Amino acid sequence: MHYILGGIAIGSAVSILLIFNGRILGISGIIRGFLKNPFAEMSWRLFFILGLILSPTLYSKFFEIQTFEILSSPLKLILSGFLIGLGASLSNGCTSGHSVCGVSRLSKRSIIATVIMMLAAFITFNLTNLT
Amino acid sequence: MTLSTKISALLSGLIFGFGLLISGFFNPNSVLAFFDIFGNWAQGLMITFILSIAISALAFIYIGHRSKSILGEKIILPEKNIISQKLFLGACLFGIGWGLIGLCPGPALVLLGNFNVEAIYFFVGFIPGIFLNNLFNRNY
């Protein structure tokens, strides 16, 4: 059930930003655009990021947030973060921009990017977790 | 940039965050379990993906009939349609990083707001990563 509610919420967030702001919900592009020009204007990107960062605080007022331990080391997180940043920038999108927005508007680039991203993630996970 | 566009952007960010929180997408362990196709595959996130794509598709169809957004903003959609080596390379690098830690930029921002220190490490790598591409561009 929570998978369904989550999907509805994510789809609604994409729809709101598109229908009201005329913009694609692509996180890496939004972060990039924001950092390039953070305070020159009080941009929609700033408010979007603010909403996303505030979401756990608001959510926790009504529901419990699951607790968990992140097992990756700081070095692994930094290195992977770097690969993800460079990758998103080279391919002009990440999970939200390509796999949700791009696929839903049937962009050929995004469909290809999504297939490759997923395959690479599946292969990497399974190769690094051979037991 | 009117007040209403700021409010709708804030709302979109909040609801997006709620979606990541409810589905468990913000939890790297759930995402890694989704990658574990040969083990204990947790395929639930596929439902989240498909549903979010279906709803977004309706919004794209609707906006396709309009020349401006409801709030009068210009509609800005990506126009690139070249299948380049950069696209392949970028998607590969992204997938490798994602498969290693189970975290991508949206969930990382949620974790930042949830005061998980791991999100800071992620962004220490991510931010130089998104700007390194500018150096490549100069060579082309």
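The values are calculated or read from the model by the stated rules, or taken from the named source; none is laboratory data. Quick caveat: nothing in here was measured; it's all calculated off a predicted structure. Glycine gets a Cβ as well: all are built from the backbone with ideal geometry, and neighbour counts include every protein chain shown.
Some values worked out for this structure:
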quantity	calculated
Filter result (surrounded by fewer than 19 Cβ atoms within 10 Å (Cβ to Cβ) and small (Gly, Ala, Ser)) within segment B:58-68	B:Gly64, B:Ser67
Filter result (facing chain A (nearest Cβ under 7 Å) and in a loop (DSSP other than H, G, I, E, B)) within segment B:79-94	B:Lys80, B:Asn81, B:Ile83
Segment B:1-29 - residue that is within 7 Å of chain A (Cβ to nearest Cβ) and of a type in the set (Ser, Thr, Tyr) and, of those, surrounded by the fewest Cβ atoms within 10 Å (Cβ to Cβ)	B:Thr5
Selection count where residues are touching a Gly at 6+ places or on another chain (Cβ under 8 Å) and facing another protein chain (nearest Cβ under 7 Å), scope segment B:107-132	14
Residue satisfying all of: in segment B:1-29; more than 22 Å from A:Ile31 (Cβ to Cβ) and touching a residue at least 24 places away in the same chain (Cβ under 8 Å); farthest from the chain's Cα centre (by Cα) among these	B:Thr2
Qualifying residue in segment B:39-47 (condition: in contact with a Gly (Cβ under 9 Å, 6 or more places away or on another chain), modelled with pLDDT of 95 or more, within 7 Å of another protein chain (Cβ to nearest Cβ) and surrounded by 21 or more Cβ atoms within 10 Å (Cβ to Cβ))	no
Selected residue [touching a His at 6+ places or on another chain (Cβ under 6 Å) and of a type outside the set (Lys, Arg)] from B:Ile15, B:Ile47, B:Ile22, B:Ile37	B:Ile22
Helices (runs of 4 or more DSSP H) completely within segment A:1-108 that count 1 or more residues being out of contact with any Pro (no Cβ under 8 Å at 6 or more places or on another chain) and more than 7 Å from chain B (Cβ to nearest Cβ)	A:27-36, A:44-62, A:74-90
Only listed residue being within 18 Å of the chain's Cα centre (by Cα) and farther than 18 Å from B:Cys104 by Cα, chosen from A:Arg32, A:Arg23	A:Arg23
Answer from B:Leu71, B:Leu32 - the residue that is in a loop (DSSP other than H, G, I, E, B), at the interface with chain A (Cβ under 7 Å from one of its Cβ atoms) and surrounded by 14 or more Cβ atoms within 10 Å (Cβ to Cβ)	B:Leu71
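Rundown of residues vs (1) farther than 19 Å from B:Gly13 by Cα; (2) modelled with pLDDT under 95, yes/no style:
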site	(1), (2)
B:Lys86	yes, yes
B:Leu93	yes, no
B:Cys104	no, no
B:Gly125	yes, no
B:Leu132	yes, yes
